[in-house]
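Below is one structure, written out as structure tokens; comments come after it.
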Amino acid sequence: MAEERRGSWFGFGFCGFGQALGSGRGRQVTSPEPLRAAGTDAEVCSVSASWSYTAFLSRERSGPIPPGPAPTCPRLLLSWLPAPAGAGQVQLSGSARGAAEGCRDAWASETLLVVLRDGRGPGAGAELQAWAPGSALCGEPLWAQTVVPEAQREDREDGEGDGTRARPLPLLPGARAYVSPLSPLYRPLAPELRARRLELGTEHALLLDEAGQVYSWGGGRHGQLGHGTLEAEPEPRLLEALQGLPMAEVAAGGWHSVCVSGAGELYTWGWGKYGQLGHGDTTSRDWPCRVEYFVDKQLQAVAVSCGPWNTYVYAVQRETS
């Protein structure tokens, strides 16, 4: 019988405010390092990073990993891993500190910390809460809104329901809405772009289509578009360097970009001043480059989350023949 295996979150990039980012030595970590979760029985389930602090959602381990080889596709692998049941704890690390129990998701920004939390009182549904990051999650939130269970929304007159299942923040559960302190911007995309995922950086956008191809557009002054230049692109442009290599995940930092291939390899490009590209240096790159750390350690990347100046990756051990 194969050994039971669990994955781990790794972090690299800026940690000047003491964010839990691997060892957290100095102001930056230039190569991936395992996150150090508080509590030996808790595992980090998700990460949301802002510039000066990071929110970690952790839960108690919920049972063994199924024996045998893991699927090779990261999207299948996410479903293969045991989903921790119930709510967990949100912990803040960096310029903001604090913790809260009964949490199911969290989204961090410099102006708001949004938490999806079990409702207060018996039989209460989930509650969406917005906190000031410096509040340490103590006292009362800035505002709170009860999330209507989807079963109660299936009776809409148009018969379509709202189509909102458990999506990760900042997409609000139970509503066609997005948590952001910025004004909304609507721009239609070409009909042939069948988007599976859209990620927004500070000055650029990444789109992952149904075929696993990546498109980028916007500002390119740090190489974050990945086209081999620092020029801006006004329209979505196919990332030629990744053609023929289907991608499973994409993420955008402030001025850097990250994607995970169907085989679980991690590629990064863009601004690298704080080591957020994970190549062991602080060099910026205008072309996608594979992060060799995960290859050398026989690790398969599964999920990725970016802060403005740092990167977090969830990876599992590859099956050895």
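The values are calculated or read from the model by the stated rules, or taken from the named source; none is laboratory data. Being a predicted model, the structure only gives us computed values, none of them experimental. So basically every Cβ, Gly included, is an ideal-geometry build from the backbone, and we count neighbours across all protein chains shown.
Looking at this structure, is Tyr314 assigned to a loop (DSSP other than H, G, I, E, B), of a type in the set (Ser, Thr, Tyr) and out of contact with any Leu (no Cβ under 8 Å at 6 or more places or on another chain)? No, not satisfied. All of (1) surrounded by 24 or more Cβ atoms within 10 Å (Cβ to Cβ); (2) touching a Gly at 6+ places or on another chain (Cβ under 6 Å) hold for Glu249 with one exception: (2). Tallying residues that are among the hydroxyl-bearing types (Ser, Thr, Tyr) and surrounded by fewer than 22 Cβ atoms within 10 Å (Cβ to Cβ) within the stretch 207-233 yields 1. Pairs linking a residue in the stretch 277-293 that is hydroxyl-bearing (Ser, Thr, Tyr) and at pLDDT 95 or above to a residue that is in a loop (DSSP other than H, G, I, E, B) and surrounded by fewer than 20 Cβ atoms within 10 Å (Cβ to Cβ), with Cβ atoms under 8 Å and 6 or more positions apart or on different chains, are Thr282/Lys273; Ser284/Lys273; Tyr293/Gly280.
Pairs linking a residue in the stretch 189-206 that is under 20 Å from Ala232 (Cα atoms) to a residue that is of a type in the set (D, E, K, R), with Cβ atoms under 6 Å and 6 or more positions apart or on different chains, are Leu206/Glu199. In a residue-by-residue description of the stretch 270-280, the property of being crowded, with 23+ Cβ neighbours inside 10 Å, on the phi > 0 side of the Ramachandran plot and part of a strand (DSSP E or B) applies to at least one position. Within the stretch 31-72, the residues that satisfy the criterion of being at pLDDT 85 or above and closer than 17 Å to Ala315 by Cα are Ser31, Pro32, Glu33, Pro34, Val44, Cys45, Ser46, Val47, Ser48, Phe56, Leu57, Ser58. Can you confirm whether Gly22 is at pLDDT 55 or above and closer than 29 Å to Ser284 by Cβ? So Gly22 fails the test. Among the conditions (1) surrounded by fewer than 20 Cβ atoms within 10 Å (Cβ to Cβ); (2) assigned to a loop (DSSP other than H, G, I, E, B), the only one that Gly254 does not satisfy is (1). Within the stretch 260-267, not a single residue is closer than 16 Å to Phe14 by Cβ and surrounded by fewer than 24 Cβ atoms within 10 Å (Cβ to Cβ).
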